[in-house]
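Trainee: Pasting a structure below so you can have a look.
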Amino acid sequence: MVKILAAALAAFIGCASGGVPLDQPFKVKVGEAVRVADLLVKFAAVPSDSRCPPDVNCIWEGDAVVRLEVSRGETRETAELHTHNREKASTFRNEIELRALTRAPYVAEIVIRRKTGT
């Protein structure tokens with residue numbers, strides 16, 4: 001119960017300050033930006049998408065690449081995440097995970113966590 005209340009309070013504080021707290025999944029459309037803690041995360045593009053169409057039965061699921069531009073102050077880093085291998089990207093001592101990517105229009109579900117040990 002305490003963990004649930006703490007998570008709800010963190011989410012409320014993040015929303016009240018105009019952003020999303022770390023460890024909280026969020027959705028962002030291509031071209032949009034979201035403030036996450038002290039970062040500005042822009043869903044810049046989907047440079048490639050070879051995923052199987054939803055109404056087709058394919059042998060291989062394919063892969064899509066999500067390009068994010070992550071800024072802290074005046075410094076910007078680029079991260080690319082793949083739907084197929086689910087590898088996480090690192091930027092500004094944070095770990096970025098792509099949880100899902102829908103099409104038409106592209107909407108990514110992302111979560112950002114502080115890297116452990118930092």
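Bear in mind these aren't lab numbers, they're just calculated from the coordinates by the rules spelled out. All figures in this text were calculated on a predicted structure; none of them were measured in a lab. Every residue, glycine among them, receives a Cβ derived from its backbone with ideal geometry; neighbour counts consider all protein chains shown.
Trainee: Once the mean 1/r over all distinct Cα pairs of region 22-114 is inverted, what Kirkwood radius in angstroms do you read off?
Mentor: Mean inverse Cα-Cα distance, inverted, gives 13.5 Å.
Trainee: Here's something else I'd like to know. Find, among the trypsin sites (Lys or Arg not before Pro) in region 63-118, those assigned to loop by DSSP (not H, G, I, E, B) with at most 16 other beta-carbon atoms within 10 angstrom. Numbers along the way, then the final one.
Mentor: On the way: sites: Arg67, Arg72, Arg76, Arg86, Lys88, Arg93, Arg99, Arg103, Arg113, Arg114, Lys115; in loops: Arg86, Lys88, Arg93, Arg103, Lys115.
The qualifying sites are Arg86, Lys88, Arg93, Arg103, Lys115.
Trainee: Amide H to amide H, which residues 5 or more places from Tyr106 or on other chains are under 5 Å from it, using H placed in the peptide plane?
Mentor: When sequence neighbours closer than 5 places are left aside, the close amide H contacts are Val30.
Trainee: Sort out for me the Cα centre separation of region 94-118 from region 61-88, rounded to whole Å.
Mentor: 8
Trainee: Could you compute Rg(Cα) / (2.2 N^0.38 Å) for region 19-65, with N its residue count?
Mentor: Relative to the rule-of-thumb radius for its length, region 19-65 sits at 1.54.
Trainee: Taking the Cβ of each residue in Thr116, Thr75 as the centre, tally the other Cβ atoms inside 10 Å and list the residues starting with the fewest.
Mentor: In order of increasing Cβ crowding within 10 Å: Thr116, Thr75.
Trainee: Under 5 Å between amide H atoms, partner at least 5 residues away or on a different chain: which partners does His84 have, H built in plane at 1.01 Å?
Mentor: Close amide H contacts, sequence-distant or interchain: Ala64.
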